[in-house]
Ligand code: 5AD
Ligand code: SF4
């Protein structure tokens, strides 16, 4: 065995048994070569089995507006991009949610750009109308808002919130987010936890200048914040963006990051992300075998979906595909308890 492999195994063991590990240990695990990475994936798979069993949770996502006031350098629907903009009418959002429910899926994820047209009043109306549908869990993914608004949405019936930190590196964060501050994003995440949302975060793998230590720091931050849901996906270039010519993120590094997150944040829901499946054949299958236990299905009506291109060639995962992947992973569909 090479000296490096020994160090990797030692770090992996420390993390696995929750001993006093450091960010350097976590980075070392992320730097594992292919030959030794199986030990990481197997460890993550075991923890997933112990904590969650074989169930894979499905979520139905509705991309209800692609208007956005921000200009994140990696994103295809950033404000500066000349694309077809849409806002789904409320009735169509409700209709899409009904499809999700009829497919036996209990959780609706409402995702949009940062769209101020969806002001507190409109959002509350939408949330209340959705909530009238018996037994639906509502997840919001609509970006940064102030404390009062987050609290208002919770009170109206929203249950969960996804707000990715994207990276906890101050340097990288400010380089790719011209309109945002890392401290404010962190504050929003803290509020969401305080208000009582099931709290979701996540990061992008392959941002310019990002090192294994940066990713390890993200994962330790997720743990610190007691995140309930953590979505980790590779960077994929989007046309007409400042990062259009950057190479895509490594799917191997993404899988290692998912596995390490499973070891460190054992009880978190971890999606096998659409971005991973977009970049690599069987990417979601591999993620399910490396600690992931959630798949998000796209229920955006086709006439809108074609304009929600946050990155190039984005795949839309359908129910049939997901079921096949779940079966091939030797897992089963987790049915969720309906509360009404
Ligand atoms: N590559 C990968 N992920 C991206 N996102 C946005 N643009 C890209 C891209 N080019 C992700 C961000 C955001 C989520 C909605 O999509 O993580 O939070
Ligand atoms: Fe807007 Fe989100 Fe894209 Fe940033 S990542 S430009 S906030 S949709």
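The numbers here are math on the coordinates, done by the rules we state, and not lab data. The model shown is predicted, which means the values in this text are computed figures rather than measured ones. Note that each Cβ is placed from the backbone with ideal geometry, even for glycine, and that neighbours are counted across all protein chains shown.
Data for the structure
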| item | result |
| --- | --- |
| Separation of the residue 239 and residue 99 label points, Cα + 7 Å toward Cβ, nm | 2.4 |
| Theoretical gain in end-to-end length, residue 20 to residue 33 [0.36 nm per residue, Cα-Cα removed] | 2.3 nm |
| Theoretical FRET efficiency, 1/(1+(r/R0)^6), r = Cβ-Cβ of residue 179 and residue 13, R0 45 Å, to 0.05 | 0.60 |
| Structure-based [θ]222 nm, the chain - -39500 (n - 2.57) summed over DSSP H runs of at least 4, per residue, nearest 500 | -13000 deg cm²/dmol |
| Principal-axis tilt of helix 251-264 within the chain, Cα atoms, nearest 10 degrees | 90 |
| Residue order, fewest to most beta carbons within 10 Å, for 86, 21 | 86, 21 |
| Part-to-part distance (alpha-carbon centres) for the stretch 185-257 and the stretch 43-81, which is given in Å | 10 |
| By average C-beta atoms within 10 angstrom, highest first, the peptides 118-126, 62-70 | 62-70, 118-126 |
| Chain lengthening between residue 148 and residue 54 when straightened (0.36 nm per residue, less Cα-Cα) | 30.0 nm |
| Cα long-axis angle, helix 34-52 against the chain (0 to 90 degrees, to the nearest 10) | 50 |
| Beta bridges per DSSP with both ends in the chain, % antiparallel, nearest 5 | 5 |
| Alpha-carbon centroid distance for the pair the stretch 272-306 / the stretch 146-183, whole angstrom | 22 |
| Tilt relative to the chain, helix 147-156 - C-alpha long axis, 0 to 90 degrees, to 10 | 70 |
